[in-house]
1. Could you tell me whether any residue of segment 233-240 is surrounded by 21 or more Cβ atoms within 10 Å (Cβ to Cβ) and either in the same structural domain as Phe194 (by TED's automatic domain parsing) or in contact with a helix residue (DSSP H, G or I) (Cβ under 6 Å, 6 or more places away or on another chain) (or both)?
2. Of the residues that sit in segment 127-154 and are under 20 Å from the mean Cα position of the chain (by Cα) and either farther than 15 Å from Pro242 by Cα or without any contact (Cβ under 8 Å) to a residue 40 or more places away in the chain (or both), which one is farthest from ligand 1 (Cβ to nearest atom)?
3. Taking the condition open to solvent by 20 Å² or more (accessible area, probe 1.4 Å), among the aromatic types (Phe, Trp, Tyr) and more than 16 Å from ligand 2 (Cβ to nearest atom), does Trp188 pass?
4. Among (1) within 16 Å of ligand 2 (Cβ to nearest atom); (2) among the aliphatic types (A, V, I, L, M); (3) not in a helix (DSSP H, G or I), there is one condition Ala159 misses while meeting the rest; what is its number?
5. Condition first: away from ligand 1 (no atom under 14 Å from the Cβ), in contact with a helix residue (DSSP H, G or I) (Cβ under 9 Å, 6 or more places away or on another chain) and outside any helix (DSSP H, G or I). Now tell me which residues in segment 249-276 satisfy that.
6. Could you check, for segment 11-30, whether at least one of its residues is of a type outside the set (A, V, I, L, M), in the same structural domain as Glu157 (by TED's automatic domain parsing) and surrounded by 20 or more Cβ atoms within 10 Å (Cβ to Cβ)?
Amino acid sequence: MNELLRFIGDGDAIPDKPVPDGLDGKDLLEIYRWLVVLRTFDERAVALQRQGRLGTYALYWGEEATQSGPMYACRDTDWVFPTYRQSSIGALRGVSPATVLAWWRGYGGTHGFYNAREHRVAPICVPIATHLPHAVGLAYAAKLRRDPIAALAWFGEGASSEGDFHEAMNFASVWKVPAVFFCVNNQWAISTPFSKQTATATIVAKAAAYNMPATLVDGFDPIACWKATKDALERARGGGGPTLIEASCYRIGAHGTADDPKLYRDDADAARWRALEPVGRTAGYLTRLGVLDDTKRSAIAEEAKRLIADAVAEMESMDMPGREVLFDYVYARGRPDSFAEGLDELAAVRRPPEVQPLRPQAPPSTGDADAPKGLK
Ligand SMILES: Cc1ncc(C[n+]2csc(CCOP(=O)(O)OP(=O)(O)O)c2C)c(N)n1
Ligand SMILES: [Mg+2]
């Protein structure tokens, strides 16, 4: 039975544990700043989608610790493999948040894609679990080249029901590749609860079948997520093989902006988990440690707001790319001649009317002539 790794208490019934070795005050503040940047991006993206300024969006409200902690454990040379639920994680590594917003707006080409190699951030993966064999392949190549790096891949508990997950786990363990599998168990795969996903009580239980070490962590605690990932990455880079980490948490929000969880689950559950959300809880811990105070807290919040506001302005200043971008980036270089037919067909398709972003509208005027006398 795996014990739950946790450092941050709730200032009440759950006690604090001392900061683990390897983190000083500066590190703690940076992990917290990353939480705030991620949260600010997420809240702004939801608002933009509601205003018709983004196409769709998969929010991660409450799951920031599963991103900030593991990212902070990485070296810049390690590769990371995000899913749609970690879409903005590249922003912690130099990817422009405007590019990520443009991706959610549906822009392709140079607007909506970043250079994966430049940042060592793999493309945001939407098909469930398909990036896990890619991460293992990259890690295997690193091993063959004696390149001391590791690959870290996120996925949801729902992804553990896919064949790609099992194939990736199996190859990773047989080949002893430097990979870390980071499962965010938020208990829901759209409307499918964890109890209907798998017969095991945990995801970490599955590691036994692959003879792989596994760690269960509090997914609302960025320090626990950091510690488990740091140990796993070090073992991986040192030739010790892969690790499975399960971050236990809860999907407090909807699956995405097109989903309404009220239709399939009890709101009261999400409300209970909300009390453990990582931004406020980490702020409380750092305040009790004397690392954070109100001045620093508001400076971090202001800086994050500015960063994301600038990203929104940049995204909105981009021109919508031409439709032919659909045919770009399929191959590493150029478009093969065989695409010509498709391009001709596309040119013949009538462009749909331009979609105008929704803006608040002034109420319709009744006109002066209709206005009751004396009320002008
Ligand atoms: C191969 C594949 N099948 C189905 C889908 C549709 N789909 C999108 S998200 C999702 C649920 C995934 O749940 P989980 O792995 O727990 O990740 P979470 O969304 O909770 O982060 C499904 C089934 C998909 N994107 N790809
Ligand atoms: Mg899930």
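The values are calculated or read from the model by the stated rules, or taken from the named source; none is laboratory data. Not measured: the values here are computed from a predicted model. Don't worry about glycine lacking a Cβ; one is built from the backbone with ideal geometry, like all the others, and counts go over all protein chains shown. Ligands, DNA and RNA are stripped out before the accessible areas are found, and what is left, the full protein with its side chains, is counted by its heavy atoms. Shrake-Rupley method; radii C 1.70, N 1.55, O 1.52, S 1.80 Å.
1. As a first pass, look at segment 233-240 and keep what is surrounded by 21 or more Cβ atoms within 10 Å (Cβ to Cβ): 233, 236.
Now restrict to residues that are either in the same structural domain as Phe194 (by TED's automatic domain parsing) or in contact with a helix residue (DSSP H, G or I) (Cβ under 6 Å, 6 or more places away or on another chain) (or both): 233, 236.
Looking through segment 233-240, at least one residue is surrounded by 21 or more Cβ atoms within 10 Å (Cβ to Cβ) and either in the same structural domain as Phe194 (by TED's automatic domain parsing) or in contact with a helix residue (DSSP H, G or I) (Cβ under 6 Å, 6 or more places away or on another chain) (or both).
2. Pro133
3. Details: open to solvent by 20 Å² or more (accessible area, probe 1.4 Å): yes; among the aromatic types (Phe, Trp, Tyr): yes; more than 16 Å from ligand 2 (Cβ to nearest atom): no.
It is false that Trp188 is open to solvent by 20 Å² or more (accessible area, probe 1.4 Å), among the aromatic types (Phe, Trp, Tyr) and more than 16 Å from ligand 2 (Cβ to nearest atom).
4. Single failed check for Ala159: (3).
5. Of everything in segment 249-276, just one residue is away from ligand 1 (no atom under 14 Å from the Cβ), in contact with a helix residue (DSSP H, G or I) (Cβ under 9 Å, 6 or more places away or on another chain) and outside any helix (DSSP H, G or I), namely Ala275.
6. If we filter segment 11-30 for residues that are of a type outside the set (A, V, I, L, M), which is where we start, we get 11-12, 15-18, 20-22, 24-27, 30.
Now restrict to residues that are in the same structural domain as Glu157 (by TED's automatic domain parsing): 11-12, 15-18, 20-22, 24-27, 30.
Those left that are additionally surrounded by 20 or more Cβ atoms within 10 Å (Cβ to Cβ): none.
For segment 11-30, residues of a type outside the set (A, V, I, L, M), in the same structural domain as Glu157 (by TED's automatic domain parsing) and surrounded by 20 or more Cβ atoms within 10 Å (Cβ to Cβ): absent.
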